[in-house]
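Notes for the one structure printed next.
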Amino acid sequence: MNPTLSTPAGMDLQQGLEAPALLQPLPASVFADRAARFERLAHGHASADWLAFLASVTRIQHELLQQHPAVPLPSDAQREQSIRHGMPVVPANGWTRDPIWRRHLAHLAGRLQSMAPEALQPVLVALTNADATELERLADGVLRTEYDPAHAARLPFIAAALQVYWTWIAAQPALAGLARLDVPGVCPCCGSLPVASVVQTGTHTGARYLHCSLCNTEWNLVRANCSTCGETDKVSYRVLEDDDGTTHDVVRAEVCDDCHSYLKQVLRDKDASADPVADDLATLALDILVDEAGYLRSGPNPLFIPGDGGN
Ligand SMILES: [Zn+2]
Ligand SMILES: [Zn+2]
């Protein structure tokens with residue numbers, strides 16, 4: 001494949017009627033569906049081994065979420081105060097993390113040792129041996145998207161463990177009914193940036209949601225509205241196109257010529273099994289081309305953190 005960029009025409013759809021402001025993650029399926037999607041995307045892909053490995057990581061996230069113990073949630077007073085001030089309720093930066101996330105990490109690192117490629121073995125050993133202070137420091141960096149390049153190889157596993165913990169919280173009934181924040185581009189539950197946006201199918205066909213890179217909450221944002229600066233006039237789309245003219249229309253980049261940012265959009269009406277995290281990592285060729293065209297990606301995917309390759 002030698003993909004180029006093309007601008008699709010006439011792809012905009014109707015905004016879904018009465019789409020709820022917020023969709024909580026579904027614990028039974030969020031990671032299980034993602035793992036299945038990683039497996040499907042791995043077939044015939046140039047990065048098949050990596051995507052298949054991420055399927056394993058995600059399947060363990062699913063198992064951890066199914067057996068997640070109850071951990072402290074914000075009190076009613078904390079919740080009401082956050083909502084009154086338009087702040088996220090369980091902020092990635094500021095919420096006192098329960099140490100359970102480090103147990104998730106130890107479980108992940110242990111389970112993955114038998115299936116990880118040789119190059120990752122020292123990384124998994126280093127994670128197993130790291131002390132709590134070091135792990136909490138690396139977690140702070142992941143949650144602020146200030147990645148320590150010297151430990152880049154460890155960070156996706158730390159992110160995966162934090163995702164399990166925050167997804168458990170985000171799925172609780174106490175977190176239902178949150179409104180969108182004044183800043184439309186951050187998660188109302190945890191304040192993180194979106195990994196991508198998702199155009200829904202099914203009940204909310206056509207409605208566009210931003211998908212949280214940490215807690216898997218989705219929040220509604222009207223279509224063709226830049227999630228970074230709110231502009232609507234200068235938003236356009238880029239898709240990958242093969243040499244033979246075949247376009248890849250499940251994932252497109254929504255680029256803004258006002259703030260020069262972009263975020264990918266995953267179209268579930270084209271493929272109902274498309275997943276914002278898995279489809280993002282299977283289309284890094286699109287990021288390369290959009291980066292080269294001068295746009296800066298606005299939201300992270302912490303399962304992929306480039307760096308010095310240290311462990
Ligand atoms: Zn979130
Ligand atoms: Zn913008």
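Structure values in brief
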{"read-out": "Burial ordering of 104, 85, 248, fewest other beta-carbon atoms within 10 Å first", "value": "85, 248, 104"}
{"read-out": "Relative contact order [Cα under 8 Å, 6+ residues apart], the range 27-175, whole percent", "value": "25 percent"}
{"read-out": "Principal axis box of the chain, alpha-carbon based, largest edge first, Å", "value": "52, 49, 32"}
{"read-out": "Burial ordering of 115, 87, fewest other beta-carbon atoms within 10 Å first", "value": "115, 87"}
{"read-out": "Total charge dipole magnitude, the chain, about the Cα centre, Cβ charges on Lys, Arg, Asp, Glu only, Debye to nearest 20", "value": "900 debye"}
{"read-out": "Student exercise, the range 27-175 dipole from Lys, Arg, Asp, Glu Cβ charges, in Debye to nearest 20", "value": "260 debye"}
{"read-out": "Selection from 115, 31, 163, by position along the positive dipole direction of the range 27-175 (Cβ)", "value": "31"}
{"read-out": "Helix runs (DSSP H) in the chain reaching 20 Å along axis by Cα, Kyte-Doolittle at least 0.0", "value": "48-66, 155-170"}
{"read-out": "Mean ellipticity per residue at 222 nm, deg cm²/dmol - from DSSP H runs of n ≥ 4 across the chain, formula -39500 (n - 2.57)", "value": "-10500 deg cm²/dmol"}
{"read-out": "Cα centroid of the range 101-119 to Cα centroid of the range 246-284, whole Å", "value": "29 Å"}
{"read-out": "Relative contact order for the chain, counting Cα pairs under 8 Å that sit 6 or more residues apart, in percent", "value": "25 percent"}
{"read-out": "Taking the convex hull of Cα positions in the range 27-175, its mean projected area over all directions (nm²)", "value": "9.8 nm²"}
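Only the coordinates and a few stated rules stand behind these numbers; no lab work does. Quantities reported herein were computed from a predicted structural model and do not represent experimental measurements. Note that we place each Cβ from the backbone using ideal geometry, even for glycine, and neighbour counts take in every protein chain shown.
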